[in-house]
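A short worksheet on the structure shown next.
Read-outs throughout are calculated quantities, based only on the coordinates presented, and are distinct from any laboratory measurement. These figures come from a predicted structure and were not determined experimentally. All Cβ positions, even for glycine, are placed from backbone atoms using ideal geometry, and neighbour counts span all protein chains on display.
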Amino acid sequence: MNEFRFKQFSIKQNLCAMKVGTDGVLLGAWSKIPSGNVLDVGSGSGLISLMIAQRNLNCEIDAIDIELLQILAKRMGVIDKIGHYKNDNDITILQMKRWAGIIEDRLSIGSQLELNKEFLNRILNIIHKESMQRQSDIFKNKKKD
C-alpha cells in the first residue's frame, strides 16, 4: 500500500519505513492532547500527529511543517538522481529553458492557490539554488572517483 487515505489527509508511505497500521490509527484516535504543541518523534509516517492535528488546531501547523519537510526531502532525492543522470550523460546542470518553464508554471499554479507571487518566487529560487548545489556536489564527487 503506497498511500493511506483518511478523511482529511492522506499519507504517501512508499518511502516510509513505518507504514500506517491499526495500532497507529487507534493511538491517534484515542490520544487526548491538551491545547499546545505536539511532538511526534520517530513515528515513521507522522500519522499520529496528523490525526491529533485534526482535533487540535494549535497543532495543525506543526503537522503541515513536517509534511513540507518530507516533501522537500523527497524532492531532493529526485534531484540527486537527476544530478547523477546529467553527470553520466554529460548534460549541464542548469537548463534555462526548463527553469523558465517551471517558474512560469509554478507561479501560475500559486496564483490560482492565492499565494503571493513574490513569496512563491523567493521559495522557488531557494529550492532551485539548493537543487543546483546538490547536482554540483554530485559532479564534483564523480570527478574525484
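Summary table below
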read-out	value
Efficiency of FRET from Cβ geometry, residue 103 and residue 66, R₀ 22 Å, rounded to 0.05	0.25
Out-of-range pairs (alpha-carbon distance over 30 Å; input 97/117; 19/117; 19/86)	19/117; 19/86
Sorted by Cβ neighbour density within 10 Å, fewest at the top, the residues 49, 111	111, 49
Gain in span if fully extended, residue 91 to residue 118, counting 0.36 nm per residue against the direct Cα distance	6.7 nm
Top positive-direction residue, dipole computed over the range 92-145 with Cβ charges, set 108, 128, 139	139
Difference of contour (0.36 nm per residue) and Cα-Cα distance, residue 27 to residue 78	15.1 nm
Amide hydrogen neighbours beyond the local backbone of residue 13, cut-off 5 Å, H modeled	3, 4
